[in-house]
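Before any comments, here is the structure.
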Amino acid sequence: MNQDSHGSLPRLSVVIPVRNGASTLPAQLSALARQRKPPSFEVIVSDNGSSDGLLHVLEEEMKKLPSLKLRSVDASARKGVSHARNVGTRAALAPCVAYCDSDDVVGPDWARAMADGLEVHSAVGGWLDEELLNEGRPVHRTMTTRGLLRGLDFLPYAVGANCGVRKEVWATLDGFDEAFLDGAEEVDFFWRLQLAGYSLGFIPTASVAYRHPSDLKALIRRAFRYGIGSCQLAAAHRDHLPRESYLRIARTCLELLVRLPLVAMPQRRANYLRRIAHYAGQIVGSHRYRVLHLA
C-alpha cells in the first residue's frame, strides 16, 4: 500500500488534515481516485482527534477505492490543522507533499499539476473555485483569483486548502507553526519560506472546489477566528510589516458605520456581519498578541 505497482516510492504524497470530516471526506477521496494521468501518489489522512466515526468511513473508502493508496495517521496529540499537516508530512514517503482539505473537492488534474509544479518551485499554490460547492450559501467570495493571494500587503501566499511543498523545504522550515490555532498558519509558513529564499509558484491548473461554511453562524465564527489569527500573524512578522495607520483604522470604522443599514438587506447581511466579526476578532487578537492590527 505504501509503494506503487513497480515497487518504487510515490512521486507525490497528498496530506489531508481532518477533524470530524466523515461526512465530506468520501467526496474528496473519490475525486483523488479519479485523477487524470496522475503521477504515482499516496493519500494520507491525518486525523486530528475526530469523534464522528472517521476511521470507519476510511475503512469503507479503502474497500470502495482499491486503486487509491490510502492510509491514515494519528494526529490527535495536539489540536490544530498545523499539527495535523506536520504529522502527515512526517509520514509522507514522497519527496513532494500536496495539501487539500476533507470538505473540498480537487479537480481532475490536480495531483499531476501539483507534482509538476513542485519540480519547478520549492512550493506552490493552486486556484480555488468558490462557486461549485457553495450554491445558495451566504458567502463572500474573497479567495477566487487567478494568482496567489497577498497577506497584509506583504508577501503572497498559497491557501492551505490547495498548496504543496517539497518535503526537504518543509523540514528546513520546521514545518507549519503549531502555535497558530485561529487561521493564518499557511500565510506564516509561506512567508517564512520566501524570506528564507525559496520560491513560491502559482499553478492555475491545480484547481480545488472550495467549500465555505454552511450557515451564517459558522461563517461569523470563522471570520472572528480569522481576525484573531491575522493579529497573531502581524505579531509574528512585525519586523517586516509597516506600522498600522490610525487613519486606516478610522476609515474602516467609518465604513462599517456607514454600511450598517446593510444588516436589513438579506442579500448583503452575511458579508456585513462577516466583516464585523472579523474586526471584532482583530480587537481581541490585538490585545492578546500585543499588536495594533485593525483593518
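The values are calculated or read from the model by the stated rules, or taken from the named source; none is laboratory data. Quick caveat, the model's predicted, so the values are computed rather than measured. All Cβ positions, even for glycine, are placed from backbone atoms using ideal geometry, and neighbour counts span all protein chains on display. Heavy atoms of the whole protein, side chains included, go into the accessibility calculation; ligands, DNA and RNA do not. Shrake-Rupley method; radii C 1.70, N 1.55, O 1.52, S 1.80 Å.
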Margin query: Which order do you get for Phe176, Phe224, Phe154 if you rank them by accessible area with a 1.4 Å probe, largest at the top?
Written below: Phe224, Phe154, Phe176
Notebook entry, point to check: Once the Cα gyration tensor of the range 83-137 is diagonalised, what are the square roots of 5 times its eigenvalues, in whole Å and ordered largest first, as equivalent ellipsoid semi-axes?
Noted result: 24, 16, 9
Margin query: Need the full-extension length gain, Met62 to Ser8, defined as separation in residues times 0.36 nm minus the C-alpha distance. One decimal, nm.
Written below: 17.3 nm
Next item on the list: Would you indicate which of (1) 1.02; (2) 1.12; (3) 0.98 is the value of Rg/Rh (Cα atoms, Kirkwood Rh) derived from the coordinates of this structure?
Entry: (3)
Check: If you wrap the range 1-122's Cα atoms in a convex hull and average its projection over all directions, what's the area in nm²?
Finding: 7.0 nm²
Margin query: Using the crude model of +1 on Lys and Arg Cβ and -1 on Asp and Glu Cβ, and no other charge, please compute the dipole size for the range 63-180 relative to its Cα centre, in debye to 20.
Written below: 420 debye
Notebook entry, point to check: Once the mean 1/r over all distinct Cα pairs of the range 119-230 is inverted, what Kirkwood radius in angstroms do you read off?
Noted result: 14.9 Å
Item checked: Zero-based 10 Å bins, Cα pair distances in the range 37-86, whole percents -> 24, 46, 27, 3
Checklist line | Mean projection area, nm², convex hull over Cα of the range 58-180 | finding: 9.7 nm²
Next item on the list: Would you please report the Å³ per residue occupied by the convex hull of the alpha carbon atoms in the range 3-58?
Entry: 84 Å³
Checklist line | Estimated FRET transfer efficiency when R0 is 25 angstrom, pair Ser76-Glu131 (beta carbons, to 0.05) | finding: 0.15
Notebook entry, point to check: Once both labels are modelled 7 Å past Cα along the beta-carbon direction, what's the Asp153-Glu244 spacing in nm?
Noted result: 1.4 nm
Next item on the list: Would you work out which of Gly227, Ser50, Tyr99 lies farthest towards the positive end of the dipole of the chain, given +1 charges on the beta-carbon of Lys and Arg and -1 on that of Asp and Glu, about the Cα centre?
Entry: Gly227
Next item on the list: Mind jotting down the distance between the C-alpha centroids of the range 141-200 and the range 12-60, whole Å?
Entry: 22 Å
